[in-house]
């Protein structure tokens with residue numbers, strides 16, 4: 001019971017501080033003290049210490065002796081971490097986050113589909129095809145929770161089936177994207193028939209080992225996604241990350 005309670009308090013502290021940093025309520029440069037956070041959140045020092053450790057690992061804060069816990073600017077955050085993605089999707093930066101993720105997916109998923117058509121084991125090809133057929137049924141029935149579950153499974157299998165471990169490690173980011181779009185009302189109640197067919201086209205091309213068609217079908221999905229979502233982010237500024245330049249040798 002104590003372990004469960006401690007985990008719950010730790011999770012609450014991470015969520016509270018993480019969302020406030022990402023939404024700008026705690027701006028870059030803001031300094032917090034551990035004792036102030038203890039009073040504010042009504043938790044122990046150990047809970048604050050663990051929460052800060054998580055936030056440090058995400059690049060949201062840094063701690064300095066005799067100064068405190070300083071909030072870092074957005075370009076220091078880990079943009080690939082699912083927690084950061086979820087918090088950004090929940091705030092005013094939702095459009096920019098969706099744009100970044102859509103552009104990432106458009107660069108990666110068609111290549112992953114092409115690789116899966118060449119490399120995926122037979123059982124994964126069959127599972128992907130089964131999921132695409134189930135997606136079509138759930139989509140036509142308007143079963144949004146079931147469709148979301150299957151959509152995440154489909155794109156996870158696609159990335160994993162590529163045989164590229166770096167692609168496969170984007171599964172969490174894609175899952176947060178699809179979940180966030182659904183939670184925040186950015187998905188239609190019933191997916192378009194054409195979109196459902198394109199997912200099936202990807203699965204059938206991978207199942208049959210047709211690499212070029214798998215890539216093209218996946219590209220069609222991502223082009224449609226970007227076209228539909230563009231109004232959400234058209235006014236959102238981009239984040240330009242300062243380059244870490246190497247010192248010039250003498």
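Coordinate-derived values only; no laboratory data. All of these numbers come straight from a predicted model, not from anything done at the bench. With ideal geometry, Cβ positions are generated from the backbone for all residues, glycine too; neighbour counts draw on all protein chains shown.
Points to keep in mind about this one:
- Whether the range 145-224 is rounded, prolate or oblate, judged on the alpha carbon gyration tensor where a/c under 1.5 counts as rounded: oblate
- Mean ellipticity per residue at 222 nm, deg cm²/dmol - from DSSP H runs of n ≥ 4 across the chain, formula -39500 (n - 2.57): -22500 deg cm²/dmol
- Compared with the dominant principal axis of the Cα atoms in the chain, helix 171-183 is inclined by about 90°.
- Put a dot 7 Å past the Cα of residue 146, heading toward its Cβ, do the same for residue 234, and the two dots end up 3.6 nm apart.
- Working from label points 7 Å from Cα in the Cα-to-Cβ sense, the residue 31 to residue 63 distance is 1.6 nm.
- Rounded, prolate or oblate (a/c below 1.5 giving rounded, otherwise prolate when a/b exceeds b/c) for the chain by Cα gyration tensor: prolate
- Between helix 144-161 and the chain: long-axis angle, C-alpha atoms, 0 to 90°, nearest 10: 80 degrees
- Helix 193-208 axis, angle to the chain major axis (alpha carbon atoms, nearest 10°): 80 degrees
- Global geometry of the range 82-207, whether rounded, prolate or oblate, following the gyration tensor of its Cα atoms and the 1.5 cut on a/c: oblate
- Applying 0.36 nm per residue to the separation of residue 245 and residue 165 and subtracting their alpha-carbon distance, the gain on full extension is 25.9 nm.
- A straight chain from residue 182 to residue 46 at 0.36 nm per residue would run longer than the Cα-Cα distance by 45.4 nm.
- Two-site label geometry, residue 12 and residue 38: point separation in nm, points 7 Å out along Cα→Cβ: 1.7 nm
- Inter-part distance where the range 50-73 and the range 184-249 are each reduced to a Cα centre, Å: 33 Å
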